[in-house]
Amino acid sequence: MTYLILGLVVFLGVHSVRIVADGWRTRTLARVGEGTYKGVYSVLSLAGFALMVWGFGVARETPLQLWSPPTGLRHAASLLTLIAFVLLAAAYVPRNAIKARLHHPMVLGVKSWALAHLVSTGAVAHLVLFGSFLLWGVLDYIASRRRDRTLGTQYPAGTLAGTGMTLVVGVLAWAAFAFWLHGVLIGIRPFG
């Protein structure tokens, strides 16, 4: 559990700079330059991610189960992860109504993904991992929306084509992950 927690602290810590120290980030970018800042950010993110993945794998070897979720919550998790994939697609597909309306769909996707995994399992390692991501997502969304209001950020209106493409990409990515990649990468097959 130690490596999982350390990985979370590093990974989410790096991704929380704009939440807790946006002014420091701006000054550091100006001082060291965008390339150096992004390089350090990337190295720390990868190190934190590697520690988190490894630590989670180790923690799963000796699971401490707090509760057993009912089957209905596992079905709810499938729906929440579908929503998460559509939101993730909305972060990248241009001119979609989802991003125009919600402004930060990737963070909302992380929150949906984390909540899905929290309701579908009752192990301590899952609670630590997904609870941390859910808390981070809540705080980041609040900070991002506050920053948007302060800066007067405007998002382009969505189009029917952009929104349709977002839904197609999100559903296809979800299906590929749910029916194949989750089993290959994580070792758990959500659908059999």
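Laboratory data are not the source of any read-out in this text; all were calculated from the coordinates shown. The shown structure was predicted, so the numbers you read here are calculated from the model rather than taken from an experiment. So basically every Cβ, Gly included, is an ideal-geometry build from the backbone, and we count neighbours across all protein chains shown.
Couple of notes before you dig in:
- Which of 140, 148 has the fewest Cβ neighbours within 10 Å, and the rest in rising order: 148, 140
- Relative contact order [Cα under 8 Å, 6+ residues apart], the chain, whole percent: 25 percent
- Positive minus negative residues near residue 121 (Lys, Arg vs Asp, Glu; Cβ under 13 Å): +2
- Sites residue 47 and residue 176, calculated FRET efficiency, Cβ-Cβ separation with R0 35 Å, nearest 0.05: 0.80
- Of 32, 58, 17, the one that fluctuates the most in a GNM where the chain has Cα springs shorter than 10 Å: 32
- Sites residue 186 and residue 68, calculated FRET efficiency, Cβ-Cβ separation with R0 25 Å, nearest 0.05: 0.85
- Using the rule -39500 (n - 2.57) for each DSSP H run of four or more residues, divided by the residues of the chain, the 222 nm mean residue ellipticity is -25500 deg cm²/dmol.
- Considering the chain, its Cα convex hull presents a mean projected area of 12.0 nm².
- Full-stretch length increase - residue 38, residue 127 - with 0.36 nm per residue and alpha-carbon distance subtracted: 29.0 nm
- Taking 160, 87 and counting other C-beta atoms within 10 Å, the order from fewest to most: 160, 87
- Which of 36, 71 has the fewest Cβ neighbours within 10 Å, and the rest in rising order: 71, 36
- Simple spin-label estimate for residue 153 and residue 25 in nanometres, 7 Å along Cα-Cβ: 0.9 nm
- Between residue 168 and residue 142, the contour length at 0.36 nm per residue exceeds the alpha carbon distance by 6.5 nm.
- Span from the region 24-91 Cα centroid across to the region 125-188 one, whole angstrom: 11 Å
- For residue 96, distant residues with modelled amide H under 5 Å away: 159
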